[in-house]
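Rule-based calculations on the coordinates, nothing more; no lab input. This structure is a prediction, so every number in the text was calculated from the model and none was measured. Cβ atoms come from the backbone with ideal geometry, glycine included; neighbour counts cover every protein chain shown.
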Amino acid sequence: MRRFYLQIACLATLALAACTSDPDFHRSQILWPQGNPYWADQPGDTLRYVTTENHSLAIVGDWLTVPDAFRKHTDLKANSEYYLWAPVAFTPNTTRRTRYAQITVATEDASYATSTNIVQLGILNVMRPATFVMAYESYVRYRLVLQDENVRDSVAFHVHGDWTLRPLQGTWLHTEQSEGKAGAQVVYMNADRNLTNVERADTLLLTSSGIEDTIFVSQAGQTGK
């Protein structure tokens with residue numbers, strides 16, 4: 001695997017070098033990512049940058065890694081501009097808190113170094129319901145309100161690993177699918193009619209890659225009818 005990475009790195013370097021006639025031309029810029037947030041279970045991304053300088057990649061943060069073959073470039077030719085890339089792997093964020101890391105293209109002359117911050121959220125990507133209930137540190141993220149009649153509704157989410165979805169009580173709220181594979185999902189659920197005069201609630205627990213997220217579901221009572 002290491003030899004494979006080295007071959008890719010060499011090919012990328014040779015193919016993407018562009019010469020300039022200005023001997024004093026220097027450039028280092030990270031093209032991607034630029035501080036965009038990632039969901040808690042995303043496995044990684046690609047660092048893309050351009051530089052004229054010999055350099056190494058310096059990482060602050062213990063939850064992301066770059067293969068050694070992409071961490072250092074010491075044979076770049078002078079007066080040439082190189083467009084480079086490196087795969088970046090993330091560990092799942094099970095902390096329920098947003099966390100941060102930084103990657104720096106650390107050039108031999110520090111004047112030309114450049115950095116980018118990487119943000120990993122503490123939640124999964126739930127698209128329905130869209131209502132955000134509390135801060136990231138809370139277990140309750142989203143709220144779905146149902147009427148008292150028999151109701152068929154749905155939740156939607158996108159995850160990067162196998163998932164499970166289940167109501168914690170399961171007495172009146174029933175999901176039509178309880179598990180699946182990575183990707184965008186729409187899961188339908190059925191709620192029994194609420195025959196009482198008070199609102200009742202259950203919580204859907206969504207799990208992916210060891211990360212738990214919750215969707216709060218409430219159903220109105222018959223008060224006022």
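Were the residues from GLU199 through THR94 laid out at 0.36 nm apart, the gain over their Cα-Cα distance would be 34.6 nm. What is the list of residues in region 31-70 whose amide nitrogen lies under 17 Å from a point 7 angstrom out from the Cα of GLN102, following Cα to Cβ? Inside the label zone: 31, 33-36, 56-65.
Once the other residues with Cβ under 11 Å from the Cβ of GLY210 are scored (Lys, Arg +1; Asp, Glu -1), what is the net sum? With Lys, Arg at +1 and Asp, Glu at -1, the net is -3. For TRP63, no residue whose modelled amide H falls within less than 5 Å of its own remains once neighbours fewer than 5 places apart on the same chain are excluded.
Where Lys and Arg each count +1 and Asp and Glu each count -1, what net charge lies around ASP109 among other residues with Cβ under 13 Å from its Cβ? If you can, show how the numbers build up before the last one.
Values: positive: ARG27; negative: ASP24, GLU53, GLU108.
Net charge in that neighbourhood comes out at -2.
Listed values for region 193-207 are Karplus-derived 3J(HN,Hα) couplings in whole Hz (6.51 cos²θ - 1.76 cosθ + 1.60, θ = phi - 60°), namely 5, 8, 8, 9, 9, 10, 5, 10, 9, 9, 10, 8, 9, 9, 10, and x replaces Gly and Pro.
For a modelled paramagnetic label at ASN150, 7 Å from Cα along Cα-to-Cβ, no residue of region 158-185 is in reach, as no backbone nitrogen comes under 13 Å.
Positive contributions from Lys and Arg (+1) and negative ones from Asp and Glu (-1), summed over other residues with Cβ under 12 Å from the Cβ of ARG200, come out at -3.
Note down the relative contact order for region 125-219 as a percent, whole number, built from C-alpha pairs under 8 angstrom at least six residues apart. List each step's numbers first, then the result.
Details: 216 pairs, mean separation 31.7, N = 95.
Once normalised by length, the contact order is 33 percent.
The Cα trace of region 125-219 gives Rg and Dmax of 12.9, 41 Å, the first to one decimal, the second as a whole number. Expressed per residue, the C-alpha convex hull volume of region 30-119 stands at 84 Å³.
The label point for ASP62 and the one for ALA130, both projected 7 Å from the Cα toward the Cβ, are 3.9 nm apart.
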